[in-house]
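J.: If you scroll down you'll find the structure; I have some questions about it.
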Amino acid sequence: IRHQLPATAAQQAEQLLEDYLALNRALSDLQAPADGDTSSTPDTTTLRERLSSIQDLRRQYLPADVVDVFYADDDALDLLTLGRMDIVEDQTLSTTQKTQALSALEQSLPQHLQGVINELNQHQQMSTLTEHLRRQGGTEAEVYQLRESFFGSDAAERLAQLDQSRQQWQARSTQWLGERDSLIARQDIDAADRQRQLDLRRRDLFEPAELRRIDALERLHDQGLQ
């Protein structure tokens, strides 16, 4: 701040930073709805009350114009989520009426947020169609064509490369977990030697940046979750 801004602006920015950090500390003390109770999901009334409490805290710590700049989009999306919940849970509405109400709710957003929501909806629709196509035996070429119809050839190519990367990772991790099980099951080596061999083989198969990820997979595998 001090290197990039004139003195007066730097002073204002530092004060804003202090206020923002104080706000975050206050928000961390705000009890979440149904805190500690995982048996039920908070209803929209509880969630609206929590949102109102958060908005009150923001106004206590930050100037109104800063609150608008920082949080206007967040608030709009939070209210969209709550509105969606109200519509979905409304038993007086038919499926068609719910669809129309959800569409109208999205169209009430500012234009730039409508673009964000439309893009998210488009991604969700494409993912659903891709999954369905693969379940029906669709080829990778057909999947590519589907993606290309949604996002163009550049994006379809990037997604194809991502699929390939994921498949390669899945193959390597599956191979490793099998090797690891076999090594752990050996009775002809002591625990220290077994651990040395595990560590060496793991480093042979995976880059340093991948070790944390494979460590998490090993824990899930040992717990029977992988």
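J.: Which of the residues spanning region 195-210 are more than 14 Å from Thr174 (Cα to Cα) and touching a Lys or Arg at 6+ places or on another chain (Cβ under 7 Å)?
T.: Selection gives Leu198 alone.
J.: Give the residue, chosen from Ala101, Ala76, that is open to solvent by less than 50 Å² (accessible area, probe 1.4 Å), over 30 Å from Glu18 (Cβ atoms) and modelled with pLDDT of 90 or more. Break it down into steps so the answer makes sense when it comes.
T.: Working: Ala76 fails: over 30 Å from Glu18 (Cβ atoms).
Only one candidate qualifies: Ala101.
J.: How about region 150-171: which of its residues are under 16 Å from Arg134 (Cβ atoms) and of a type in the set (Gly, Ala, Ser)?
T.: Result: Ala156, Ala160.
J.: Out of (1) at pLDDT 90 or above; (2) exposed (fewer than 12 other Cβ atoms within 10 Å of the Cβ); (3) more than 20 Å from Leu109 (Cα to Cα), what's the single condition that is false for Ala10?
T.: So Ala10 meets the others, but not (2).
The values are calculated or read from the model by the stated rules, or taken from the named source; none is laboratory data. Remember, it's a predicted structure, so these values are computed and weren't measured experimentally. Cβ: placed from backbone, ideal geometry, glycine included. Neighbour counts: every protein chain shown. We work out accessible area using only protein heavy atoms, side chains counted, and drop any ligands, DNA or RNA first. Shrake-Rupley method; radii C 1.70, N 1.55, O 1.52, S 1.80 Å.
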